[in-house]
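Working notes for the structure below.
The values are calculated or read from the model by the stated rules, or taken from the named source; none is laboratory data. Since the model is a prediction, treat every value here as computed from it, not as a measurement. Neighbour counts are summed over all protein chains in view; Cβ atoms, including those assigned to glycine, are modelled from backbone coordinates with ideal geometry.
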Amino acid sequence: MNAVALAAAYVVGAVPIGFLVARAFGVGDIRRHGSGNIGATNVLRTLGRLPAIITLLGDIAKGYAAVALAAWLAGDVPAVTAAGAAAAVVGNCWSVFLGFRGGKGIATGLGALLRLVPLATLAALPVFLVVAATTRFVSLASVLAAACVPFGALALGAPRAYVLGALMVTAVVIVRHRENIARLRAGTEHRLGERRAPSPDASRP
């Protein structure tokens, strides 16, 4: 049953919300626009606020639902619930519905962590808001906020399995943002609100 729980979390996490929202708003394949990513930031740049908000809320909801489903299927075994959070984010980043490509895991990770370690996750949100507001680098804000969650979970006395689960989610998020981190270091990362040319991969599905 543990394998079923993790598979279910992966499949729920793999539902490509941004891709579906973009199609519903007449854009077609969002991966052919902007950065080529299916997340809310690229949807915002390409389609505007309403589709971006729908994408953001949908990704958060699916992350939360994926962990809740894994917990229910596994009988609330902490290790499986924690692994379910990681599986949900892996599903978002490497979606079976998109040829094992996908987003960067931030909104789905937020939803997953809200179910796994809610207090630590809420405590990290001001980090995201302050960094995003002062620098307008969504990638930097996302990575720093994600990195705070495992430490917050540990400080708040969350079960060890949940701390490890939060650490796994953070690791996936950092891996998926490695190109953004490289651009931040090079001073070439785009700020929120800036227009950007399509990425070299944006023309490929």
_If residue 146 meets every condition in (1) crowded, with 20+ Cβ neighbours inside 10 Å; (2) modelled with pLDDT under 95; (3) not β-branched (Val, Ile, Thr) apart from one, which number is that one?_
(2)
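For (1) more than 15 Å from residue 170 (Cα to Cα); (2) touching a Leu at 6+ places or on another chain (Cβ under 7 Å), each residue gets a yes or a no:
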site	(1), (2)
95	yes, no
105	no, no
117	no, no
121	no, yes
133	yes, no
*Of everything in the range 31-43 that's buried (at least 21 other Cβ atoms within 10 Å of the Cβ) and part of a helix (DSSP H, G or I), which residue is nearest to the chain's Cα centre (by Cα)?*
40
_Residues satisfying the stated conditions in the range 184-205, i.e. surrounded by 15 or more Cβ atoms within 10 Å (Cβ to Cβ) and either at pLDDT 95 or above or part of a helix (DSSP H, G or I) (or both)_ = 184
_Please pick out the residue among 67, 27, 12, 21 that is in contact with a Pro (Cβ under 9 Å, 6 or more places away or on another chain) and at pLDDT 95 or above._
21
*If residue 86 passes every condition in (1) within 25 Å of residue 185 (Cβ to Cβ); (2) within 11 Å of the chain's Cα centre (by Cα) but one, which one does it miss?*
(1)
*Just one of 135, 108, 170 is surrounded by fewer than 21 Cβ atoms within 10 Å (Cβ to Cβ), in contact with a helix residue (DSSP H, G or I) (Cβ under 8 Å, 6 or more places away or on another chain) and within 24 Å of residue 18 (Cβ to Cβ); which is it?*
135
*Hey, residue 81 hits all of (1) under 17 Å from residue 190 (Cα atoms); (2) crowded, with 22+ Cβ neighbours inside 10 Å; (3) polar (S, T, N, Q) but one; which does it fall short on?*
(1)
